[in-house]
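Working notes, structure below.
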Amino acid sequence: MKKSLTKTLRFILLGFLLVLLAKLSIPYFESYVLANDARKNGFALNPSLVPNDKILQGGPPKDGIPAILEPKFIGSAEARKSFSKKERSIVVRWKSTIKAYPISILNWHEIVNDKIEGDSIVITYCPLCGTGIVFNANINGKPHTFGVSGLLYQSDVLLYDHQTESLWSQIMRKAVTGKYLGNELQMVGSEIKNLHDQIESYPNTQVLSKQTGLKGVFRNYDKDPYEGYTETESLYFPVDRSSLKTGVPLKDWSIIILALEDPIIVPLSSLPKNQTQVSIPSKNGDIELKYDHKKRLLSCVDATVECLTGYYFALQAFHPNAKVVSLQ
């Protein structure tokens, strides 16, 4: 009887020790899993080019903001009736084709997957940064399509490719996680222009239609979901402000000239009010900028020059060493 009781006590003690060991091991196991398989919105974040804690959930889940996969287009006559006089758009010239993608539609979708003359491109727009960038959608010689991850880095949209679910930073122009980690997307020349000015000058421009098939109850292309955002100094999401210059409004419409050996940022507010064009000296010849204070437009005259427009804070946050230049 005594021997049996001793045996029972041993089993109880062993069981207690196993439970205690398991409890002590759980935090270690959980931290190991989090460190090696961190996920947000269903995307694996390790390994990553950027700190995981800086990748933030923007609110909508993966594909909660639906990318356009089958875009339809209208002619200039119909576009004049469909869009307001103040409509801005991302304009792309590809071979013999000109297309315009209105911001009022991109505000609700952020990504348009398209083909122009047989070539795959992807139009991306981040309303929080004001950045519109067009990329060649061929990676390693194969066409890819992209969606909205619902994640942000430095307030900028992280897109993902449907083929591998790698996450891509729009402004960095490279994959920050996944199979394509470190790969860069090739930019396609584009500029943000007033839509009515564009179709007046180029009536053969094809304009993205509001008939996206994705409008739904909550998407009214005649309403701006970010109304008022441009006029304030507040940001919806945190960014690294260590490189931001005092005296430059966060959302000053600006251009960064990446083609220079040392990139520079030129805010629209720093350009002469009585001019519409200026020259930036460079080793490879002057770079011409054209601008319009009233319409809040700024771009490189030569579309092949690598430059990017958007809110000042975003351009500086991603290019902390870029100098801010005033030409007044």
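The values are calculated or read from the model by the stated rules, or taken from the named source; none is laboratory data. Quick caveat: nothing in here was measured; it's all calculated off a predicted structure. Cβ coordinates were reconstructed from backbone atoms using ideal geometry, including for glycine residues, and neighbour counts include every protein chain displayed.
Residue pairs whose Cβ atoms lie under 6 Å apart, sitting 6 or more positions apart in sequence or on different chains, and linking a residue in region 89-100 that is under 10 Å from residue 188 (Cβ atoms) to a partner that is buried (at least 19 other Cβ atoms within 10 Å of the Cβ) and basic (Lys, Arg), are 92/99. The number of residues in region 165-191 that are surrounded by fewer than 21 Cβ atoms within 10 Å (Cβ to Cβ) and hydrophobic (A, V, I, L, M, F, W, C) comes to 4.
Here region 197-221 is the region considered, the condition is being of a type in the set (D, E, K, R) and either at pLDDT 95 or above or touching a Cys at 6+ places or on another chain (Cβ under 6 Å) (or both), and the residue that is farthest from residue 98 (Cα to Cα) is 210. Is it the case that region 69-80 has a residue that's over 24 Å from residue 318 (Cα atoms), acidic (Asp, Glu) and out of contact with any Leu (no Cβ under 9 Å at 6 or more places or on another chain)? Yes: one or more hits. Checking each residue in region 139-164 for being touching a His at 6+ places or on another chain (Cβ under 9 Å), buried (at least 17 other Cβ atoms within 10 Å of the Cβ) and outside any strand (DSSP E or B) picks out only 144. Checking 243, 270, 254 one by one, the residue that is among the hydroxyl-bearing types (Ser, Thr, Tyr), touching a Leu at 6+ places or on another chain (Cβ under 7 Å) and either without any contact (Cβ under 8 Å) to a residue 40 or more places away in the chain or farther than 21 Å from residue 110 by Cβ (or both) is 270 and no other.
Residue pairs whose Cβ atoms lie under 7 Å apart, sitting 6 or more positions apart in sequence or on different chains, and linking a residue in region 204-225 that is more than 15 Å from residue 89 (Cβ to Cβ) and of a type in the set (A, V, I, L, M, F, W, C) to a partner that is part of a loop (DSSP other than H, G, I, E, B) and at pLDDT 95 or above, are 214/66.
Collect the residues in region 159-209 that are among the β-branched types (Val, Ile, Thr) and within 27 Å of residue 293 (Cβ to Cβ), keeping them in residue-number order.
So in region 159-209, the residues among the β-branched types (Val, Ile, Thr) come out as 164, 171, 176-177, 188, 192, 199, 205, 207.
Listed by number, the residues that qualify are 171, 192, 199, 205, 207.
Scanning region 141-168 for residues that are of a type in the set (Phe, Trp, Tyr) and more than 10 Å from the chain's Cα centre (by Cα) yields 146, 160.
Every residue, every condition in (1) among the small types (Gly, Ala, Ser); (2) in contact with a Lys or Arg (Cβ under 6 Å, 6 or more places away or on another chain); (3) surrounded by 14 or more Cβ atoms within 10 Å (Cβ to Cβ); (4) modelled with pLDDT of 95 or more, yes or no:
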residue	(1), (2), (3), (4)
247	yes, no, no, no
260	no, no, yes, no
267	no, no, yes, yes
271	no, no, yes, yes
278	no, no, yes, yes
290	no, no, yes, yes
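Taking each residue of region 308-328 that is at positive phi and acidic (Asp, Glu) and looking for partners that are buried (at least 18 other Cβ atoms within 10 Å of the Cβ) and assigned to a strand (DSSP E or B) with beta-carbon atoms closer than 6 Å, six or more apart or interchain, yields nothing.
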